[in-house]
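Engineer: I am attaching a structure below and will ask some questions about it afterwards.
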4 protein chains.
Amino acid sequence: MRQARVHRIATAGPDDVSGLDEAIAAGRIDPAGIVAILGKTEGNGCVNDFTRAFAVSALSAALAARLPPAAVARIAMVMSGGTEGALSPHILVLERGEAEADVAKGPALAIGVAHTADLAPEHLGRMGQVWLVAEGVAKAMHDAGIDDPADVHFVQIKCPLLTAERIAAAGARGADTATRDTLKSMGLSRGASALGVALALGEIEAHALNDAVIGSDFGLYSGRASTSAGVELQNHEIVVLGMSQSWSGPLAIDHAVMADGIDIEPVRAALKRLGLEARGQLASEERSRLVALLAKAEAGSSGRLRGSRHAMLDDSDIASTRHARAFTGGALAGLTGLTELFVSGGAEHQGPDGGGPVALVVDRRKGES
Amino acid sequence: MRQARVHRIATAGPDDVSGLDEAIAAGRIDPAGIVAILGKTEGNGCVNDFTRAFAVSALSAALAARLPPAAVARIAMVMSGGTEGALSPHILVLERGEAEADVAKGPALAIGVAHTADLAPEHLGRMGQVWLVAEGVAKAMHDAGIDDPADVHFVQIKCPLLTAERIAAAGARGADTATRDTLKSMGLSRGASALGVALALGEIEAHALNDAVIGSDFGLYSGRASTSAGVELQNHEIVVLGMSQSWSGPLAIDHAVMADGIDIEPVRAALKRLGLEARGQLASEERSRLVALLAKAEAGSSGRLRGSRHAMLDDSDIASTRHARAFTGGALAGLTGLTELFVSGGAEHQGPDGGGPVALVVDRRKGES
Amino acid sequence: MRQARVHRIATAGPDDVSGLDEAIAAGRIDPAGIVAILGKTEGNGCVNDFTRAFAVSALSAALAARLPPAAVARIAMVMSGGTEGALSPHILVLERGEAEADVAKGPALAIGVAHTADLAPEHLGRMGQVWLVAEGVAKAMHDAGIDDPADVHFVQIKCPLLTAERIAAAGARGADTATRDTLKSMGLSRGASALGVALALGEIEAHALNDAVIGSDFGLYSGRASTSAGVELQNHEIVVLGMSQSWSGPLAIDHAVMADGIDIEPVRAALKRLGLEARGQLASEERSRLVALLAKAEAGSSGRLRGSRHAMLDDSDIASTRHARAFTGGALAGLTGLTELFVSGGAEHQGPDGGGPVALVVDRRKGES
Amino acid sequence: MRQARVHRIATAGPDDVSGLDEAIAAGRIDPAGIVAILGKTEGNGCVNDFTRAFAVSALSAALAARLPPAAVARIAMVMSGGTEGALSPHILVLERGEAEADVAKGPALAIGVAHTADLAPEHLGRMGQVWLVAEGVAKAMHDAGIDDPADVHFVQIKCPLLTAERIAAAGARGADTATRDTLKSMGLSRGASALGVALALGEIEAHALNDAVIGSDFGLYSGRASTSAGVELQNHEIVVLGMSQSWSGPLAIDHAVMADGIDIEPVRAALKRLGLEARGQLASEERSRLVALLAKAEAGSSGRLRGSRHAMLDDSDIASTRHARAFTGGALAGLTGLTELFVSGGAEHQGPDGGGPVALVVDRRKGES
């Protein structure tokens, strides 16, 4: 039997690895078991946010002291910039290992990983990427020991983007890319990856998808995908989180889909399914059992929320992604009483327009707060 | 019997008075009965926010077509800049008039108004201002027909600030002002005004107050004050909202004090006292009966919320007041399902450090949503 | 003989009309002669910049006290947001009237005005707009008494944009607009208007222009156009500034084209042609004779200036237009010693990519500083 | 004979060390000779600017591959955030070594370094720091072989700041610090360090200085100091640049003091003293000989520049330091034609209020551009 562990560690800055160091030194984390590190850093989460790369640089250096280079390279590191409002910078370390002797038998949280082959630039943002990701999700499910797509609750994907060089390389072969705008390629890659998840999980059927809908028909979406584009890879790193009988331990996961930026009732329902009553805001004992919350937030394209106008899309001083993280972050913190929440932006085909998927990891053991 | 009415009107921009015009034209608002207009405009809410003055200019011009200049001048106009996240720009028109024949008897929402004498610049931010405001609050309570301070739930005050000219004028008389920094004078004036409310309502006793605590000991605060400094006046405009037996109609008011920026449970309790069940987020019918929510939000001085670090105070790109309105606005929108919320910043001595007062106006008539 | 006057008046805020009021009261400005008011206001110059509308509202109210409504409506008011760095908020009042008895005979600064017919939405951003503007420029030249296009040095145009309603109205007639994105329509309208100027002035020949080059081939540009899109009109307001024998007085105008954001030498050359030596920075006496400087600035699309990388296009905290105004504003202030400069952004087809046109109005009378 | 070398290397991001790596690999830089690295990074230059630390981290790692840890630690690394406008991110590597056989004899650019003893927290921002720095400057002059203070043209200092721990440690000894506000301590430390330079160079006499003037009387300043506070040290790193007969080679240095943010004529005069004609903007050949320009910029406290109002101090969206760097950067780029300029903010006691010192390093060899 395998067991998944999720460590939520506060950081004092983008390059603060002291909490990770301590947890490893104290034996709470075995570096060899680390599969992925997800982090919220305090940059703007937009183009010129260097806190993400700074965090990856510091985490890689910290792990390089304990692991061979290839092992460090295998760890998926997904940094999301932007801790607006009182959102609190932190990392989530996902670890897997042998089950402890005395833990509850499954089903329990399962973690699977897959890396796809490199994506040809001309397939980015097109069906070629959708199919490649769908296949990768299936592999990661297999790695996690999950057969039924309904048991998958969150798929985190790091996907490539186009650079001037990659566009030129495709052009030299006579191949045309979906866009020549490198910034726009990030959204297309995130969107196509999310649709790949939707395809793999049966949320959307293949015949409903084609090149034209990617990045345009936002009625098509996955309720469990969270994708992020990075310049440092040409393939996809896929982490699947779900429930499986072949895993044991106290952790469980479920998910919800928010229909808009303040739609917290589906999240409350998911908390209840996980055993937290959530009458009003989570009380202290229940709060201590909420290990991780991962959500996508966005302003939506209509300029309105439940019919009321907002100013996020017209604000030339603050990016709408920053507004959205702050506001939806506030709504989720109001529900949970926690501010160490992984709320990220850029939600193309991830949840409905203006809303987004939310995943919750809970420790099922009753405790004292 | 008197009756108070509160009209919440969406605006399409800082100078949009079309909703007010329509309500007057349709007879829903009698301009002669308008006591105050509170508005959220979509500026940054900081020093260079001209949306507030633009709104006041447009509202004044619209009313000048229907009222004599002195009557327009008597209306307290308090614009609060900053609709971060999905907070929605709107105005709240506070009107009072004769009770309709068939409305429920009191107690009901009561509105009282008072204008203090001009404040000598050397008294600003000192006990002289505290006493002047306390006396003004007592007058406004009398105007509202409220005897018991416990029946007061919200006191909105517009207070003066220091300018270079006023500082010089005091100096010419040999009088020293509390500060020579005009920006700082705004915080001192807001704080002293809030402490004046606390004194008038018996929240703090006089012997606990002196010049030194103003702007420094934030353990001293009012749970019902909301104050705002403006250059255009030298006295104080005071609007008291509370419950009184001499008023009738369906509207009722209560208040809560948030201990921190996500402390929504006291607000939920106040909603319950007002007859809204608020199991989770307000459902549609209940939401339609929430007429107004007025709150103060701030980042707090500790840099932490429930022990977790936030980055609001260290962000040199976005003012902490903008972060705080977005985040606490999100928490309150998550609770109420509404985004037309009057959430404002600058909360010196208004609620505890990092938290703030919240007032709620509800229509007690059950209805369809 | 006619005489043009240009009054540069500092403002203390977007709605400050006290300087204009004083100049009228003192007889320095005859309100009936005002043709146009150009202003720099201290907003962000982007989508949510309400300082422009606030200024227009205040100027219109001030003039309405002296002129009939139709006369006020005829005055072209072009507010440009963004006084980054030490650029100083001010207005330029363009007035024309009979020549004073004793002034120097022409050639002198000439001002011509024209209003085009309304533009059908489906022509916006297309050759239909280019031709309409070209015709309007010809009319304004005629109004100014300028025959030779070489005598035109600056053409300020206020042009329309698309709104959802206008797009729908065109659609209802079976007509398709150039874009359905209202923000994008502003750039297309500015660009097509600038190309209309280039056509009228013979800078570009008609056969080089077609729908496809508008908004895409920035090698095509006018060195004398400055265009700005506004929602409040459906036609074009065109103000032509140039030199004409039929005007007299001390004012003269010339122009330069900056090849990039720090290309000040062509501006120095133009100053010399106007009689200012400009060895280094303008010395005090010469500076006092520089009445107005109008320039366009932009970051350029390459991300580089003279081969060196800049970060303007990647900055998600500050719009590149704000960076560009600050930096080029600094370069021009370094040359002239003045900070009341009309530097504006959004320079599609107005000067080369990354550069822009600059117009200079000088008082030719030698004086004391 | 010794020889100083200054290498200006463009960077593609805060952590880009490829240019440094290449220069070392090609033998153009000997890492053992590196004394200091000054860099402009593309952050906001304010509190939450992590690009500075990211750059130091990357540079340290790059050098650690070639030098023992103690040698890396000895190199003064001063990163200045903020490349507003078209200012271009780059590093300046200051190297010293034996003179090449065939270079021109002195006087030439000389570089001296000194590290002071640790500063007791209670002396920070007070005369204790002024004297400590003055002594350190004298040592660095000695190290550079400069006897006459008039031969010193630039003193770059990295100075400590107060942290909560250091304040507490002083308190435990019964010692009081100059401030308890850690942010404010940065300005005090920069200011006291600059006054230490002024004292050492004879710009101000000792009797004119006392604790009270530090951070308040900005009429007292050094025209050659550039100081920057960092949390990572408790002493001072001092780099003196000047001219000395005991150094040889083509490089020379001079300096100017700008009286305000656009006062470029003193800079032009310094360029002339260094052999560059600078008629208007530096032409191509002269520009290629300008190796480095280091300047301080600030908005000034009056809110005006040459009598005209600016909006930098009232802008709550963009810090005044960012405005000032962009604007003065533009003025200096307009003069020099270069955008790789080391323009930094935070200029307490460094140049007059609103102005700042400028240092220029020029290669005296005539060449082709």
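Engineer: Just to verify a result, which residue in the stretch B:340-361, among those that are within 14 Å of chain A (Cβ to nearest Cβ) and not in a loop (DSSP other than H, G, I, E, B), is surrounded by the most Cβ atoms within 10 Å (Cβ to Cβ)?
Structural biologist: Taking the candidates together, the pick is B:VAL358.
Engineer: Any idea which residue in the stretch D:285-308 is farthest from D:GLY346 (Cα to Cα), counting only those that are without any contact (Cβ under 8 Å) to a residue 40 or more places away in the chain and part of a loop (DSSP other than H, G, I, E, B)?
Structural biologist: The selected residue is D:GLY307.
Engineer: Test A:ILE253 against the stated conditions and say whether it is more than 14 Å from chain B (Cβ to nearest Cβ), buried (at least 21 other Cβ atoms within 10 Å of the Cβ), closer than 27 Å to B:ALA331 by Cβ and not basic (Lys, Arg).
Structural biologist: Criteria met by A:ILE253.
Engineer: Given the options D:HIS207, D:HIS236, name the one that is away from chain C (no Cβ under 14 Å), farther than 29 Å from C:GLN281 by Cβ and in contact with a Cys (Cβ under 9 Å, 6 or more places away or on another chain).
Structural biologist: The match here is D:HIS236.
Engineer: Further question on the same structure: Restricting attention to the stretch A:53-62, does a residue exist that is more than 14 Å from chain B (Cβ to nearest Cβ) and closer than 30 Å to A:GLY174 by Cα?
Structural biologist: No, the stretch A:53-62 contains no residue that is more than 14 Å from chain B (Cβ to nearest Cβ) and closer than 30 Å to A:GLY174 by Cα.
Engineer: Scan the stretch B:318-331 for residues that are surrounded by fewer than 24 Cβ atoms within 10 Å (Cβ to Cβ) and either of a type in the set (D, E, K, R) or in a helix (DSSP H, G or I) (or both) and report the count.
Structural biologist: Going through the stretch B:318-331 one residue at a time, the tally reaches 2.
Engineer: What residue, among those in the stretch B:256-269 that are within 11 Å of chain A (Cβ to nearest Cβ) and part of a loop (DSSP other than H, G, I, E, B), is nearest to B:ASP102 (Cα to Cα)?
Structural biologist: It comes out as B:ILE264.
Engineer: Residue under question is A:LEU282, and the condition is that it be farther than 22 Å from A:ASP148 by Cβ and either touching a His at 6+ places or on another chain (Cβ under 7 Å) or assigned to a strand (DSSP E or B) (or both); does it hold?
Structural biologist: The answer is no for A:LEU282.
Engineer: Which one of these does A:LYS272 not meet: (1) part of a helix (DSSP H, G or I); (2) more than 20 Å from the chain's Cα centre (by Cα); (3) more than 7 Å from chain B (Cβ to nearest Cβ); (4) surrounded by 21 or more Cβ atoms within 10 Å (Cβ to Cβ)?
Structural biologist: (4)
Engineer: Check off (1) part of a helix (DSSP H, G or I); (2) at pLDDT 95 or above; (3) out of contact with any Pro (no Cβ under 8 Å at 6 or more places or on another chain); (4) under 26 Å from A:PHE327 (Cα atoms) for A:ALA198 and give me the number that stays unchecked.
Structural biologist: Every listed condition holds for A:ALA198 apart from (4).
Engineer: Also, quick follow-up: What pairs come up if the first residue lies in the stretch D:215-233 and is on the phi > 0 side of the Ramachandran plot, the second is outside any loop (DSSP other than H, G, I, E, B) and modelled with pLDDT of 95 or more, and their beta carbons are under 7 Å apart, counting only those six or more places apart or on different chains?
Structural biologist: D:GLY215/D:LEU188; D:GLY215/D:GLY191
Engineer: Restricting to the stretch A:120-153, give me the number of residues that are closer than 16 Å to A:VAL197 by Cα and crowded, with 24+ Cβ neighbours inside 10 Å.
Structural biologist: Total satisfying the criteria: 13.
Engineer: Looking at the stretch D:177-196, is at least one residue more than 20 Å from D:ASP217 (Cβ to Cβ) and of a type in the set (A, V, I, L, M, F, W, C)?
Structural biologist: Checked against the condition, which is being more than 20 Å from D:ASP217 (Cβ to Cβ) and of a type in the set (A, V, I, L, M, F, W, C), the stretch D:177-196 yields at least one hit.
Engineer: Could you list all residues from the stretch D:7-49 that are without any contact (Cβ under 8 Å) to a residue 24 or more places away in the chain and within 14 Å of chain B (Cβ to nearest Cβ)?
Structural biologist: Hit for the stretch D:7-49 is D:ASN48, nothing else.
Engineer: When the stretch A:171-202 is examined, which residues are found to be surrounded by fewer than 19 Cβ atoms within 10 Å (Cβ to Cβ) and closer than 23 Å to A:GLY351 by Cα?
Structural biologist: A:LEU183, A:LYS184, A:GLY202
Engineer: Can I ask one more? Can you say whether B:GLY334 is touching a strand residue (DSSP E or B) at 6+ places or on another chain (Cβ under 6 Å), surrounded by 23 or more Cβ atoms within 10 Å (Cβ to Cβ) and either among the β-branched types (Val, Ile, Thr) or within 10 Å of chain A (Cβ to nearest Cβ) (or both), as far as the supplied structure shows?
Structural biologist: No.
Engineer: Continuing with this model, one more query. All but one of (1) within 14 Å of another protein chain (Cβ to nearest Cβ); (2) buried (at least 21 other Cβ atoms within 10 Å of the Cβ); (3) out of contact with any Gly (no Cβ under 6 Å at 6 or more places or on another chain) hold for D:ALA86, so report the exception by its number.
Structural biologist: Among (1) within 14 Å of another protein chain (Cβ to nearest Cβ); (2) buried (at least 21 other Cβ atoms within 10 Å of the Cβ); (3) out of contact with any Gly (no Cβ under 6 Å at 6 or more places or on another chain), the lone unmet condition for D:ALA86 is (3).
Engineer: Applying the selection to the stretch D:324-344, what residues are of a type outside the set (A, V, I, L, M, F, W, C) and either within 17 Å of C:ARG322 (Cβ to Cβ) or more than 14 Å from the chain's Cα centre (by Cα) (or both)?
Structural biologist: D:ARG325, D:THR328, D:GLY329, D:GLY330, D:GLY334, D:THR336, D:GLY337, D:THR339, D:GLU340
Engineer: Checking B:ALA61 against (1) surrounded by 15 or more Cβ atoms within 10 Å (Cβ to Cβ); (2) farther than 22 Å from B:ALA114 by Cα, only one condition comes out false. Which one?
Structural biologist: The single condition B:ALA61 does not satisfy is (1).
Engineer: On to the next question. Could you list, in sequence order, the residues of the stretch C:219-250 that are modelled with pLDDT under 95, in a loop (DSSP other than H, G, I, E, B), surrounded by 15 or more Cβ atoms within 10 Å (Cβ to Cβ) and not polar (S, T, N, Q)?
Structural biologist: Passing the criteria: C:GLY230, C:LEU233.
Engineer: If you don't mind, there's one more thing I want to ask. Can we say C:VAL93 is away from chain D (no Cβ under 14 Å), crowded, with 22+ Cβ neighbours inside 10 Å and closer than 27 Å to A:ASP315 by Cα?
Structural biologist: no
Engineer: Still on this structure: Inside the stretch C:1-94, counting only strands (runs of 3 or more DSSP E) that do not spill past its ends, which hold 1 or more residues that are over 22 Å from D:PHE327 (Cα atoms) and over 19 Å from the mean Cα position of the chain (by Cα)?
Structural biologist: Where strands (runs of 3 or more DSSP E) fall fully within the stretch C:1-94 and carry at least 1 residues being over 22 Å from D:PHE327 (Cα atoms) and over 19 Å from the mean Cα position of the chain (by Cα), they are C:2-10.
Engineer: Restricting attention to the stretch D:9-34, report how many residues are within 19 Å of D:VAL362 (Cα to Cα) and either out of contact with any strand residue (DSSP E or B) (no Cβ under 8 Å at 6 or more places or on another chain) or surrounded by fewer than 19 Cβ atoms within 10 Å (Cβ to Cβ) (or both).
Structural biologist: The qualifying residues number 2.
Engineer: Could you list, in sequence order, all residues of the stretch C:282-320 that are within 9 Å of another protein chain (Cβ to nearest Cβ) and among the β-branched types (Val, Ile, Thr)?
Structural biologist: C:ILE318
Engineer: How many residues are assigned to a helix (DSSP H, G or I) and either over 28 Å from D:GLU165 (Cβ atoms) or touching a strand residue (DSSP E or B) at 6+ places or on another chain (Cβ under 7 Å) (or both) when one looks only at the stretch D:113-148?
Structural biologist: Summing the residues that are assigned to a helix (DSSP H, G or I) and either over 28 Å from D:GLU165 (Cβ atoms) or touching a strand residue (DSSP E or B) at 6+ places or on another chain (Cβ under 7 Å) (or both) in the stretch D:113-148 gives 10.
The values are calculated or read from the model by the stated rules, or taken from the named source; none is laboratory data. Since the structure is predicted, the reported quantities are computational estimates derived from the model, not experimental observations. Heads up, the Cβs are rebuilt from the backbone with ideal geometry, glycines too, and the neighbour counts pull from every protein chain shown.
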